[in-house]
Amino acid sequence: MSNNFFRFKQFAVFQDLCAMKVGTDGVLLGAWTEVSACNHILDIGTGTGLVALMLAQRNHKATINALDIDEGCMTQAKQNIARSPFASRIDVQQVSFQDFAHHADKKYDLIVSNPPYFQNALKSPTLSRNHARHNDSLSFYDILTSGAPLLSEGGHIALILPYEFKQTIVDHAATMQLFPNRITNVFPLPDRPVKRLLIEFSAIERECVEDDLTIEISRHQYSDDFSALTKEFYLDK
């Protein structure tokens with residue numbers, strides 16, 4: 001996924017202006033997140049606009065606010081969305097989530113983010129890449145803390161994170177009176193350790209539905225479950 005653009009079934013994502021390219025994490029989040037009953041959606045750290053575009057494709061009535069602090073990403077997302085069939089329903093703003101949340105005047109049925117997470121990694125000399133992959137300017141703590149007051153009744157927050165943060169984020173969410181309702185543990189291959197965590201929180205405490213997803217059964221051979229999840233997006237599905 002390193003080309004200047006990536007073509008999906010209903011839209012194309014150009015990525016030359018954005019530090020972080022289209023990747024499996026974003027595709028997983030956009031395909032997995034529950035969106036059917038959501039009228040108002042907030043996409044935090046939209047990057048190329050991929051997740052916002054996927055959610056707009058899956059819910060034809062939803063309006064989406066997409067945020068990014070990086071000017072290149074904001075420009076790129078606007079261009080990708082303008083070329084898509086969903087341009088009238090997605091608004092892109094260059095603003096930090098913290099500032100946006102401070103001034104927000106409406107509630108959201110879904111807040112979604114593929115947040116930065118390389119907390120302890122050495123930093124890139126490229127500022128925009130640091131914004132995209134480190135959590136100095138945005139952490140999942142910020143998303144839950146500032147996001148909880150923005151949720152509508154019954155609204156939810158959906159994230160994809162490294163699996164190692166599972167208990168940490170569940171514990172922090174509890175301090176905000178947010179509870180995990182859905183969890184999918186993502187394995188890259190059948191014989192590899194779990195790598196990613198797809199998790200959905202809401203203010204409704206209920207039994208959490210937890211399952212596993214394996215992306216590939218062997219190198220470059222996608223599993224049936226992954227293919228079924230992403231079939232409405234990838235051209236070869």
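Within region 200-233, the residues that satisfy the criterion of being of a type in the set (S, T, Y) and more than 17 Å from the chain's Cα centre (by Cα) are T214, S218, Y222, S223, S227. Pull up region 169-201, narrow it to residues that are touching a helix residue (DSSP H, G or I) at 6+ places or on another chain (Cβ under 8 Å) and among the aromatic types (F, W, Y), then point me to the one that is surrounded by the most Cβ atoms within 10 Å (Cβ to Cβ). Ranking the qualifying residues of region 169-201, first place goes to F201. Going through region 73-95 one residue at a time, which ones are closer than 24 Å to D142 by Cβ and open to solvent by 20 Å² or more (accessible area, probe 1.4 Å)? Residues satisfying the conditions are M74, T75, K78, D91, Q93, Q94, V95. A Cβ distance below 7 Å, combined with a sequence gap of six or more or placement on separate chains, defines the contacts here; from region 160-172, residues that are touching a residue at least 40 places away in the same chain (Cβ under 8 Å) and within 19 Å of G23 (Cα to Cα) reach residues that are crowded, with 17+ Cβ neighbours inside 10 Å and among the polar types (S, T, N, Q) in the pairs I160/N114.
Residues that are open to solvent by 20 Å² or more (accessible area, probe 1.4 Å), touching a His at 6+ places or on another chain (Cβ under 7 Å) and not basic (K, R) within region 96-111 comprise just one, D109.
The values are calculated or read from the model by the stated rules, or taken from the named source; none is laboratory data. Model, not experiment: these values are computed from the prediction. With ideal geometry, Cβ positions are generated from the backbone for all residues, glycine too; neighbour counts draw on all protein chains shown. Ligands, DNA and RNA are excluded from the accessible area calculation, which covers all protein heavy atoms including side chains. Shrake-Rupley method; radii C 1.70, N 1.55, O 1.52, S 1.80 Å.
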